[in-house]
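Undergrad: Can you keep this structure in mind? I'll have questions shortly.
The values are calculated or read from the model by the stated rules, or taken from the named source; none is laboratory data. Since we're looking at a predicted model, the values are computed, not measured. Quick reminder, even Gly has a Cβ in these numbers, built from the backbone with ideal geometry, and neighbours come from all protein chains shown. Ligands, DNA and RNA are stripped out before the accessible areas are found, and what is left, the full protein with its side chains, is counted by its heavy atoms. Shrake-Rupley method; radii C 1.70, N 1.55, O 1.52, S 1.80 Å.
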Amino acid sequence: MSIIRSFTSLLVLLIVFSVNSQAQDKIAADAKIFGKLPEYQNLKISPDGTKILMFQNYQGRKILVTRSLTDPNAKQNGIPPFENQEFIWARWANNERILAGVRFAARGNFRELRDDVLSVDTVETRLISMKWDGEDALNPIRQNTKRRRQSQIQANVVDMLRDEPNHVLVGLDYHEQFERGVYKIDIRSDKLPRRVVKGRPVIQSWYSDSDGIVRFGQGETDRQGSLKAREVAYYRKSEDSPWITLYDFDSIKEDIPYYFEGFTDDPNIIYVTKNDENGRSSAYTYNVDTNEFLEKIVSNDQYDIVNLMFTDEGEISGYTFYDKQPRMVFLIDKYQKDLDLYHRSFPNKSINMRSSTKDEKKEIIEVTSPTEPGTYYIHDKDKNSIEMIAYNYQEVDIEKLSEMTPITYEARDGLEIPGYLSLPKEEEPKNLPTIILPHGGPFARDNWRFDWWVQYLTAQGYAVLQMNYRGSTGYGERFFKMGFHEWGRKMIEDINDGTKWMIEQGYTDPDRICIAGGSYGGYAALQAVVKDQSLYKCSVAMSPVANLVSFVNYYDDFGNTNSYLDYIKSDEYSIEEGSPAHNMDKINIPVILFHGKLDRSVRVGQSQYFYEAMKEKNKDIKYIEWEEGDHFFSKENDRIQFLEEMGRFLKKHL
């Protein structure tokens, strides 16, 4: 009898071991599938429709690929970036030449007005011009030999100059540091750039009209020695007209009167967006002489207009807004007819029009949804055909992907918080292990889309709640401004209230909840535990702002940060109260941290300090640091390791 019992116990042990092994194997296998960089991104057709460019995943690295659309036997051209650089965009300059922007982590010395030299980690960008097959690659912006340090940002194209296909306008602080002007660049050589607009210290962004004339500039700067933040806009009616000031205000104490969007045919009138009577961002015409808003052109009673689209001639062609999913609307009939065709062809999907030929007879579209990782098509309008040319996440079984259901819940002060709930496909939707996943930013929002992080979690059997807490964008000015001075308090309470809602609705097992996030979401994954120690069993924080005090002090050393720091600070609670590193006594659950050493948005020292301080207090914490990791999960190996380590961590603690 004892032999039978022993054999039975051994059999049970073997079965448990086998099940655990299978679960661990699934964690690793799914990490490789969902952690891959997308196979294809940024597809663009040449102006004459004979060629295509795209970013392609090659051995875990994003490279530029071009190929012919007319010769089926022609080979693809694979063009990698230079070492330690990353492509950020690419577009056709003309039918034979391509422009691309690259970024890289660097360290630079910046001379301040007080003549001190500040050495800081930076992100720099460069402009690359090349023939369409990758030959004759060059940086068309010649170094300024009279300056010790070159322009940090060199890939800010102001105008592609449609009537001059071998030239572009670029925003640069080429002559004087921190005074960004506009320069005309010959993309075929590294001739000296020709300045067309002199830089001004306050202006960061310049805009040109449909004729390539720079006529609007906007920017923000701190008044030295004060706590003010000055926001300024300059405008001129023509190339020969004087510059006038459209607005100049203290952005901490005053609201911006409007946002510039584009030029009309009348030099006295521009397109702008501002909040309407419903508190929603809407598009208007504005008279610069009389300072009057003339006509409301585009609006939505419930949601902000987030993107106006223009024709090459400067006419508003359409706009985008987000309700439960992205919505595109065209004001020009032929474009709306195309969009209607795409929606009939691909119902319940989001349609992104990526590029078209100069004659608009061929167009590349992307079709996507939470359960559609992204498929690209060419629409040939002459042939009345729509042909698939590429699709992403080819190893994913899309039948097993989770839907993203829009939800709302009430915060403790009665504010309605919108969000999205994703449930594992093959599980009963109750008493599930749950991941609370607040977005980063925080000037951002979660959208209805394919999310590789969310889909990995639901594939492991977890429910996932994403919420657009107060301060998120897209829901009107009032909702956005509710986040001011609430970085470490009400925004965090909104997140915790979402967790309680999940429990109340029966979706969640209250004993199996973890919170996770990146950037501000990583901060929230720590601070939410500080605010309520009863809710979570573990925390996953990627690139978190862990020490809010040092974060604020760091940005105090720079210009143009007063308004951002004012947003974070509050008269009702201290920075220390909002800082996870100053409240470690309240963090008594397992924590796993991830951070890249080349992160220039949230410095790696934030996680390094927090990890060491937690270890000194004998807290349960694990830290993974990526030698070449940045803030954007640009490296495929980092993404895969992140998912696998997180998966094993969650399996252990939930």
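Undergrad: Expressed as a rounded percentage, what relative contact order does region 167-208 have, with Cα pairs under 8 Å and six or more residues apart?
TA: Working: 73 pairs, mean separation 15.3, N = 42.
The value is 36 percent.
Undergrad: Rank A105, N268, P406 by how far each Cα sits towards the positive end of the charge dipole of the chain (+1 on Lys, Arg Cβ; -1 on Asp, Glu Cβ) and give me just the farthest.
TA: A105
Undergrad: Between E254 and K334, what is the spin-label point distance in nm, taking each point 7 Å from the Cα along the Cα→C-beta axis?
TA: If labels sit at E254 and K334, their model points lie 4.4 nm apart.
Undergrad: Same structure again: Evaluate the charge dipole of the chain about its Cα centre and quote only its size in Debye, nearest 20, assuming +1 on the Cβ of each Lys and Arg and -1 on the Cβ of each Asp and Glu. Could the numbers behind the result be given before it?
TA: Working: 83 positive and 101 negative charges, 344 e Å.
The dipole magnitude comes to about 1660 debye.
Undergrad: Mean residue ellipticity at 222 nm from the helices of the chain, using -39,500 (n - 2.57) per DSSP H segment of n ≥ 4 over the full residue count, to the nearest 500 deg cm²/dmol?
TA: -6500 deg cm²/dmol
Undergrad: For region 395-501, what is the charge dipole size about the Cα centre, in debye to the nearest 20, if Lys and Arg each add +1 at the Cβ and Asp and Glu each add -1 at the Cβ? Could you put the intermediate results ahead of the total?
TA: Values: 12 positive and 17 negative charges, 93 e Å.
Dipole about the Cα centre, nearest 20: 440 debye.
Undergrad: Okay, moving on. Could you list, in their original order, any pairs among K51/K635; K51/K425; K430/K652; K617/K651; K531/K597 whose Cα atoms are separated by more than 32 Å? Mind dumping the intermediate values first?
TA: Details: K51/K635 28 Å; K51/K425 40 Å; K430/K652 21 Å; K617/K651 25 Å; K531/K597 29 Å.
Long pairs (Cα-Cα over 32 Å): K51/K425.
Undergrad: Residues with amide H under 5 Å of Y507's amide H, sequence separation 5 or more or different chain, H placed in the peptide plane at 1.01 Å from N; which?
TA: N431
Undergrad: Please compute the contact order of region 461-515 in relative form: average sequence separation of alpha-carbon pairs under 8 Å and at least six residues apart, divided by the residue count, as a percent.
TA: About 30 percent, as a whole number.
Undergrad: Tell me the relative contact order for the chain as a rounded percent, counting alpha carbon contacts under 8 Å between residues six or more apart.
TA: In percent, rounded to a whole number, it is 9.
Undergrad: Could you point to the residue in N468, T434, V454 farthest towards the positive end of region 420-505's charge dipole, with +1 and -1 charges on the Cβ of Lys/Arg and Asp/Glu respectively?
TA: N468
Undergrad: Heavy atoms only, probe 1.4 angstrom, no DNA, RNA or ligands counted: give me R344, R149, R61 ranked by accessible area, highest first.
TA: Values: R344 165, R149 45, R61 90 Å².
The ordering from most to least exposed comes out as R344, R61, R149.
Undergrad: Hey, another quick one. Treating only the Cα positions of region 164-265 as identical point scatterers, give the base-10 log of I(q)/I(0) from the Debye formula at each q in 0.14, 0.19, 0.24, 0.25 Å⁻¹.
TA: -0.60, -0.99, -1.33, -1.38
Undergrad: Follow-up. Could you run the Karplus curve 6.51 cos²θ - 1.76 cosθ + 1.60 with θ = phi - 60° over region 479-489 and give me ³J(HN,Hα) per residue in whole Hz, x for Gly and Pro?
TA: Each residue's phi maps through the Karplus curve to give 5, 4, 6, 5, x, 4, 6, 10, 3, x, 10 Hz.
Undergrad: Mind checking which aspartates and glutamates have their C-alpha under 14 Å from K615, skipping anything on the same chain fewer than 8 residues away?
TA: D585
Undergrad: With every protein chain in place, what's the accessible area of W92 (1.4 Å probe, Å², nearest 10)?
TA: Spelled out: W92, probe radius 1.4 Å, area about 30 Å².
Undergrad: If you don't mind, another one. With a 1.4 Å probe and all protein chains kept in place, how much accessible area does Y286 have, in Å² rounded to the nearest 10?
TA: 10 Å²
Undergrad: Let me ask something additional. Whenever you get a sec, line up W132, W626 from highest to lowest accessible area (probe 1.4 Å, protein heavy atoms).
TA: Result of the area sort, largest leading: W132, W626.
Undergrad: At 7 Å along the Cα-to-beta-carbon direction for both L415 and W89, put a label point, then send me their distance in nm to one decimal.
TA: Here the modelled spin labels are 3.2 nm apart.
Undergrad: Shifting gears a bit: How much net charge surrounds E295 when only the other residues with a Cβ under 13 Å from the Cβ of E295 are counted, with Lys and Arg +1 and Asp and Glu -1?
TA: Details: positive: K274, K296; negative: D266, D276, E292.
Computed value for this residue: -1.
Undergrad: Then there is this: So which helices of the chain fit the span-like rule, where a helix is a whole DSSP H run, its Cα atoms reach 27 Å or more along the axis, and its mean Kyte-Doolittle is at least 0.0?
TA: Going by DSSP H runs, the hits are 2-34.
Undergrad: Rg to Rh for region 226-273: what is it, with Cα atoms only and Rh by Kirkwood?
TA: Ratio of gyration radius to Kirkwood radius for region 226-273: 1.05.
Undergrad: On to the next question. Kindly provide the pair-distance distribution of region 496-634 built from C-alpha pairs, with 10 Å bins from 0 and whole-percent values in order of increasing distance.
TA: Percent of pairs per bin, in order: 12, 41, 33, 13, 1.
Undergrad: Additional query: In what order, largest first, do F310, F480 sit by accessible area if the probe radius is 1.4 Å?
TA: F310, F480
Undergrad: Towards the positive end of the charge dipole of the chain, with charges on Cβ (+1 Lys, Arg; -1 Asp, Glu), say which of F321, T311, L526 has the farthest Cα.
TA: Result: L526, furthest along the dipole toward the positive end.
Undergrad: List the residues of region 451-470 whose backbone N lies under 20 Å from a point placed 7 Å from the Cα of D532 along the Cα-to-Cβ direction.
TA: Label zone hits: 463-470.
Undergrad: With a 1.4 Å probe and every protein chain left in place, tell me how much accessible area H175 has, in Å² to the nearest 10.
TA: 80 Å²
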